[in-house]
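The next block holds one structure in the form of structure tokens; read it before the comments.
All of the numbers you see were taken from the coordinates with simple rules; none came from a lab. Not measured: the values here are computed from a predicted model. As a convention, Cβ positions derive from the backbone with ideal geometry for all residues, glycine included, and neighbour counts pool all protein chains shown.
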Amino acid sequence: MQVDTSTIMGPFEKRAVVWFEDRNIQRVVLTLKGEVIPYVSFEPGAYISLWGKTGEKAADEILLTNHAEGSLQIEGITSDLGGRIKWRLLTKEAGRVFLLHVEDLSRLPGDYSGHLYLKTNLPQKPLLTVLVNGFID
């Protein structure tokens, strides 16, 4: 039995039923239990939502936590949103916990969606992606 863990975080349980053409054993239930610990976790999630009115400071932040062995270093941050946002990365615990603060810079109302890309030194996760949605009245 294989389980795709790319969309699972935390404890999980998966079951599979195997049917036999045997009257003594008609079926067997196979259970796989485990826990998926990501290399880097995002709290509350890998997304930023910026809600506000034009001219106001719409901001949001997420906490990044390194669960991989070794120290996490963010080597650069880029965005596909042009000049619509600005960001600041604060170190809460060196190599392990970071706070990503994002602010809207829109001068006109409108909705937008894009990404922040965080380049890391982790071979397992060289690029972290954060979804950014803006809803500005």
(message) If you take Rg/Rh (Cα atoms, Kirkwood Rh) from the coordinates, which of [x] 1.19; [y] 0.97; [z] 1.07 do you get?
(response) [x]
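Take every DSSP beta bridge whose two residues both sit in the range 40-136, then give the antiparallel share in percent to the nearest 5. Don't jump to the answer; show the numbers that get you there.
Details: 34 of 40 bridges.
Bridges in the range 40-136 are about 85 percent antiparallel.
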(message) Treating only the Cβ of Lys, Arg, Asp and Glu as charged (+1, +1, -1, -1), what charge dipole size does the range 57-109 show about its Cα centre? Round to the nearest 20 debye.
(response) 240 debye
(request) Report the convex hull volume per residue for the range 77-131, counting only C-alpha atoms, in Å³. (result) 78 Å³
(request) Pull up the cross-link candidates among the lysines for Lys33, meaning alpha carbon to alpha carbon under 16 Å and not fewer than 8 places away within one chain. (result) Lys14
(message) Cut-off under 24 Å on the C-alpha distance; same-chain residues fewer than 8 positions from Lys119 excluded. Which lysines are left, in chain and number order?
(response) Lys86, Lys92
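State the extension gain, in nm to one decimal, for the chain segment bounded by Glu13 and Lys33, taking 0.36 nm per residue of separation less the distance between their alpha-carbons. Don't skip to the answer; put the middle values down first.
Values: separation 20, 0.36 × 20 = 7.20 nm, distance 0.44 nm.
Contour length minus Cα-Cα distance gives 6.8 nm.
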(request) For a footprinting-style exposure proxy, rank Leu118, Leu81, Leu63 by other Cβ within 10 Å, fewest first. (result) Leu63, Leu81, Leu118
(message) Compute, for the chain, the length of the dipole vector about the Cα centre, with Cβ point charges of +1 (Lys, Arg) and -1 (Asp, Glu) only. Units Debye, rounded to 20.
(response) 80 debye
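Can you sort Glu61, Glu43, Glu21 from fewest to most other Cβ atoms within 10 Å of each residue's own Cβ?
Details: Glu61 15, Glu43 12, Glu21 6.
Going from sparsest to densest Cβ surroundings: Glu21, Glu43, Glu61.
Restricting attention to the range 1-78, which trypsin sites (Lys or Arg not before Pro) occupy a DSSP loop and are surrounded by at most 16 other Cβ atoms within 10 Å?
On the way: sites: Lys14, Arg15, Arg23, Arg27, Lys33, Lys53, Lys57; in loops: Arg23, Lys53, Lys57.
Here the trypsin sites (Lys or Arg not before Pro) that fit, given the DSSP loop and packing criteria, are Arg23, Lys53, Lys57.
Please give me the summed charge of the neighbours of Gly52: other residues whose Cβ is under 13 Å from its Cβ, Lys and Arg +1, Asp and Glu -1.
The answer is -2.
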(request) Give me the distance in nm between label points sitting 7 Å out from Cα along the Cα-to-Cβ direction at Lys57 and Thr91, one decimal. (result) 2.4 nm
